[in-house]
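Below is one structure, written out as structure tokens, with a few remarks after it.
Each value in this text was obtained by applying a stated rule to the coordinates, not by laboratory testing. Everything numeric here is computed off the predicted structure, so don't read it as measured data. Every residue, glycine among them, receives a Cβ derived from its backbone with ideal geometry; neighbour counts consider all protein chains shown.
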Amino acid sequence: MFLQVPPDDPATAALYRCDLESDGYVMNLTRLWAWRPDVCDAFVGARQKLLASSSLSVRERAVIVCASVATLGDSYCSLAWGKRLADAADAETAAAVLRASGDGMLNAREKALAEWSRKVVRSPNATTPADVEGLRAAGLSEREIFEATALVAFRVAFSTVNDALGARPDRQLAEAAPAAVRAAVSFGRSVDEAQAA
């Protein structure tokens, strides 16, 4: 990353410990967000609150995030969420969503969510009532449309901080992703550059 590693303190140590317990290593993005553990906790808390009572499925959430971060060009979150979508569906579906091609493997709701997510990332001011009507026609409720849009916005904010400040995907993260997902992520910061830095 472009910033120095933050000094050790109890809040930073707690963030690192969470990574070690869940993933077995401290992620590059965690070292970045460790500059403000309180903001990291608040951000994660807001996202969890958004999704805690949402009727969007795990697979739909993964479609939303994959479509969003790939459109943004974020390799880090594309690898992480591409694996999640591959786990919820399959590797080919995840790769297709990341490439914005072959959404035929998705159901009507998922296709509508992927398309909406890409539009919101590209130009939120260019969305129209017809776009929202397309979401309704695919079976999404008003609340689900709001939740999907907020999830896109949260992900764009998170990815922007990581990408702008040079957080590169962890080698462990890339190795855990299926080969089809790794091949689809041909954008953003590379894992190889992370090892050379």
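List of remarks:
- Compactness relative to 2.2 N^0.38 Å, alpha carbon Rg of the range 62-197: 1.03
- For the range 55-191, the residue among GLY139, ALA176, ILE64 whose Cα projects farthest onto the positive side of the dipole built from Cβ charges is ALA176.
- Span-rule helices in the chain, defined as complete DSSP H runs reaching 18 Å or more along the axis (Cα) with Kyte mean at least 0.5: 58-72
- For the range 1-141, average projected area of the Cα convex hull in nm²: 9.9
- Along the axis of the charge dipole computed for the range 1-138 (Cβ charges of +1 for Lys and Arg, -1 for Asp and Glu, origin at the Cα centre), the listed residues LEU3, GLY24, ALA52 are led at the positive end by ALA52.
- Only Lys, Arg, Asp and Glu carry charge here, each on its Cβ (+1 for the first two, -1 for the last two); on that basis the range 55-191 has a dipole of about 260 debye about its Cα centre.
- Contour excess over end-to-end distance, with Cα ends at ALA46 and ASN125 and 0.36 nm allotted per residue: 26.1 nm
- Kirkwood-Stokes translational diffusion coefficient of the range 1-64, alpha-carbon pairs, 25 °C, 0.890 mPa s, µm²/s: 185
- Compactness of the range 53-127, taken as the C-alpha radius of gyration over 2.2 N^0.38 Å, stands at 0.99.
- Span from the the range 1-58 Cα centroid across to the the range 91-146 one, whole angstrom: 28
- Over the chain, DSSP H runs of length four or greater, each weighted -39,500 (n - 2.57), average out per residue to a 222 nm ellipticity of -21500 deg cm²/dmol.
- Efficiency of FRET from Cβ geometry, ASP38 and PHE187, R₀ 30 Å, rounded to 0.05: 0.45
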